[in-house]
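One structure is given below, encoded as structure tokens.
Every number here is computed from the coordinates shown, using simple stated rules; none is lab data. Predicted model, so just to flag it, every value in this text is computed and none were measured. FYI the Cβ positions are ideal-geometry reconstructions off the backbone, even for glycines, and counts take in every protein chain you see.
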Amino acid sequence: MTTLTLVRHGETDWNARRLIQGSTDIPLNDTGRRQAAEAAEALRPRLTDGSPLVVAASDLSRAHETARIIAATIGAAEPQTYPQLRERGYGDAEGVAVGDFTAGWGDWSTAQVPRAESWEDVRVRAVEGLQLAIRDARRATAPVAPSLVIVSHGALIRELIRHATGGAFPAEGERLANGSAHTFLVERDRLQLIDYAGIAG
């Protein structure tokens, strides 16, 4: 059994301006670096069961830098990155303000955006990336099961929460804040949500 914590990356300038990033590689800003450090400090007391600590991340710079800050704080090795853990590709909506997105394409969950990645494809890709990261972490720490921290992105983490709960969570109107942490147990291929940090959106 592996304890898995999914962390959303820290803030970027596009987050602060409420622009949709998707797969566009926008770096952390200073607020995001502070959020990464705060997330690491909040994680530290939760990772005290003696399990080896492994950190992984999406290969986009905002997630990778957040993961590097967390790894340095909790005493883990340099994070391995996985392109499968990238944010959803939003196609023509990347760089668009959230308000303009809604005005142009409608509700977030049902909008049909040209060239955007489908939610089904996001979920399949996310599960694949998760399985790869878990496999690599388990191999690195065998025969002891690791505590694995993965830094990724809001939409992808939401899809994994939905996958683990049969669509019951996150609740309608909730969002996942920058730097927020969400905990799962992984037994074989079964993903069980323990807690998540959704906030009113």
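Of the listed peptides 135-144, 55-64, what is their order by residue-averaged count of other C-beta atoms within 10 Å, with the highest listed first? Let's see the in-between values first.
Values: 135-144: 13.2, 55-64: 24.9.
Output ranking for 135-144, 55-64: 55-64, 135-144.
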Degrees between helix 61-74 axis and first principal axis of the chain (Cα, 0 to 90, nearest 10): 30 degrees
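Lys and Arg at +1, Asp and Glu at -1: add these up for the other residues within a Cβ distance under 13 Å of Trp14 and post the number.
-2
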Degrees, to the nearest 10: 119-141 long Cα axis against longest axis of the chain: 20 degrees
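Taking R0 as 25 Å, what FRET efficiency do you get between Thr102 and His163 from their Cβ-Cβ distance, rounded to the nearest 0.05? Working shown, then result.
Values: r = 25 Å, r/R0 = 1.01.
With R0 = 25 Å, the Cβ-Cβ based efficiency is 0.50.
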Helix-only CD estimate at 222 nm, as mean residue ellipticity for the chain, using -39500 (n - 2.57) per DSSP H run (n ≥ 4): -11500 deg cm²/dmol
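Calculate the dipole size of the chain relative to its Cα centre from +1 charges on Lys and Arg beta carbons and -1 charges on Asp and Glu beta carbons; express the result in debye to the nearest 20. Intermediate results must be reported in sequence, preceding the final value.
Numbers: 22 positive and 26 negative charges, 86 e Å.
Dipole magnitude for the chain comes out near 420 debye.
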0 to 90° range, to nearest 10: angle between helix 30-43 axis and the chain longest Cα axis: 40 degrees
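If R0 is 45 Å, what FRET efficiency do you get for Arg115 and Asp49 from their C-beta distance, rounded to 0.05?
Details: r = 44 Å, r/R0 = 0.98.
It comes out at approximately 0.55.
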Within region 145-174, GluC sites (Glu not before Pro) in DSSP loop having at most 13 other beta-carbon neighbours inside 10 Å: Glu172
